[in-house]
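The values are calculated or read from the model by the stated rules, or taken from the named source; none is laboratory data. Keep in mind that what you see is a predicted model, and the values were worked out from it rather than measured. Note that each Cβ is placed from the backbone with ideal geometry, even for glycine, and that neighbours are counted across all protein chains shown.
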Amino acid sequence: MANQQKTQTKKSKPSKSRPLKINVGIIIFGIIFLYIVFSVYSYTTRQQIRYYEVLKGGIVRQEEYTGVALREEQAVNATSSGYIHYYIQDGRRVGVGSDVYTVDETGALEKYLEEHPELTAELSPDQVSDIRYRLTAFSRDFSNDNFSALYDMRYALDAAALEFSSLSSADDLEKALNDAGISFTRVTSDAAGVVSYAIDGDEGLKDQDVTADLLSMNGYKKNITKPGQLIEAGTPVYKLITSSSWSIVFPIDDTKKAQYQDIKTVNVHFPEQDLTAENAELSLFTAADGKDYGKITLNEFMEKFCDDRFVKFEIITNDENGLKIPLSAVTEKAFYVVPKDFMAKGEDGSTGFNRQVVSGDGSGNNTEFVPAEIYRMDDQFCYLNVPDAQDSTSLKAGDFVTKSGTDQTYQIGPTKNIQGVYNINKGYCIFRQVLPVESNNEYMIVEENTDYGIAVYDHIVLDASMVKEGQLIYQ
């Protein structure tokens, strides 16, 4: 019994608490983890200051128009009725006396050609690719707002099919038909020129005949005579273009008339064909309807557009090159403006101004030479940096400067803004001026090699509104 009590007493004795052990590794890991979380949070929530590397570039300004094409062309009528077949592909040149087409009055030739397809040229892989390319380009650019382009595409495909399916050889055809006892009439060209099978009735159109109604294309219709088609005598079957020189007439308003008044030549770009004609002749005139028009005369690409009466083109009005920077990088800074006549030279040859000071004994005004960093000069003024409030040596608002050899004075104070960007090559923002040459909605072209300006490969702040001068930037 006594032993049992002793055991119970021993169990009831309180145990000693263990000392708390601190794991230094866990503490360090926790600190690092919190630092990483804080850094990631700060990086993702703060505004990102991005930079742009200055490069050379250019901006091209282009005015878009649709004009009517005028050529030295004439429609050629069929000499007899019958089924027509061509020897010459659309857009190809012919000489005087060259075979252009044949007419079969009975239709035997048509039937014979259907039974002997070897007499017609098969489509080559390049021709198939050409048709696919035209369809793909049309599908990509088609818009319901320009539904008439659908008809233009149909005419273009008809012309392409006509070109690709022309008879392979006049000699082969004549020999085969003679053997079969089939007679036909061969028609030759009376003049040299380019053959086109697109007939619209405007082949004799002159620049004075152009009207706003014509350019609206209301009721415009273009016909293409296809191989094997039955035609009547006297029906136009092709047109012959006898000169490589052609022109495009387009409407202009008063603003464009003033803009083009003194311009004699322009560069013309055809966006659908990606062709550019340089130094095309430009003239202005007033047509019979009393409206003003421009006329571009070209000596190239006539064959490319021989089937088109209405042509889309662009006049390149400006093509400027220099340093290309985003508009978002451009900001403004105020500078003191001082007339150039007040500039002076110090004894050491430095440039500055003579500042008027009041003598200590009150005996009168004296002058002291103050060197100045001239940021820019134009025809009238010098532009001086506005100093910090703590700067007591530089010119500041309220100071008077005197003109050498005269009693004239000028008070420092008026300012004018200069466009510029923030250069961050040294790790902090430094304002550098830019002289704009040309701009569009996104970029500006500025002059190279300007004083206190920028150079190729300089790093500038992409969004100037996010920083201020002197701010440290971590790239």
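The set of residues from the stretch 284-319 being of a type outside the set (A, V, I, L, M) and either in contact with a Gly (Cβ under 6 Å, 6 or more places away or on another chain) or within 30 Å of Lys468 (Cβ to Cβ) (or both) comprises Glu303, Cys306.
To keep it simple, each residue is scored yes or no on (1) farther than 16 Å from Thr415 by Cα; (2) surrounded by fewer than 11 Cβ atoms within 10 Å (Cβ to Cβ); (3) touching a Lys or Arg at 6+ places or on another chain (Cβ under 8 Å).
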{"site": "Ser328", "(1), (2), (3)": "yes, no, no"}
{"site": "Glu332", "(1), (2), (3)": "no, no, no"}
{"site": "Val337", "(1), (2), (3)": "no, no, yes"}
{"site": "Arg355", "(1), (2), (3)": "yes, no, no"}
{"site": "Leu384", "(1), (2), (3)": "no, no, no"}
{"site": "Pro387", "(1), (2), (3)": "no, no, yes"}
{"site": "Ser394", "(1), (2), (3)": "no, no, no"}
{"site": "Val401", "(1), (2), (3)": "no, no, yes"}
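Here Ser465 meets the list (1) small (Gly, Ala, Ser); (2) in a loop (DSSP other than H, G, I, E, B); (3) surrounded by fewer than 16 Cβ atoms within 10 Å (Cβ to Cβ) almost entirely, failing just condition (2).
Checked against the criterion of being surrounded by 17 or more Cβ atoms within 10 Å (Cβ to Cβ), at pLDDT below 90 and not assigned by TED's automatic domain parsing to the domain that holds Thr102, the candidates Ile27, Ile59 yield just one match: Ile59. Does the stretch 308-323 contain at least one residue that is closer than 30 Å to Asp378 by Cα and crowded, with 19+ Cβ neighbours inside 10 Å? Yes, because at least one residue in the stretch 308-323 is closer than 30 Å to Asp378 by Cα and crowded, with 19+ Cβ neighbours inside 10 Å. The conditions of being surrounded by 17 or more Cβ atoms within 10 Å (Cβ to Cβ), within 34 Å of the chain's Cα centre (by Cα) and at pLDDT 70 or above are not met by Leu135.
Just one residue in the set Ile248, Ile263, Ile296 is surrounded by 12 or more Cβ atoms within 10 Å (Cβ to Cβ), without any contact (Cβ under 8 Å) to a residue 60 or more places away in the chain and of a type outside the set (S, T, N, Q); that residue is Ile263. Can you name the residue in the stretch 441-457 that is closer than 16 Å to Thr331 by Cα and of a type outside the set (D, E, K, R) and, of all such residues, is farthest from the chain's Cα centre (by Cα)? In this case the residue turns out to be Tyr452. Between Phe353, Phe335, Phe313, the distinction of being touching a His at 6+ places or on another chain (Cβ under 8 Å), assigned to a strand (DSSP E or B) and of a type outside the set (D, E, K, R) belongs to Phe313 only.
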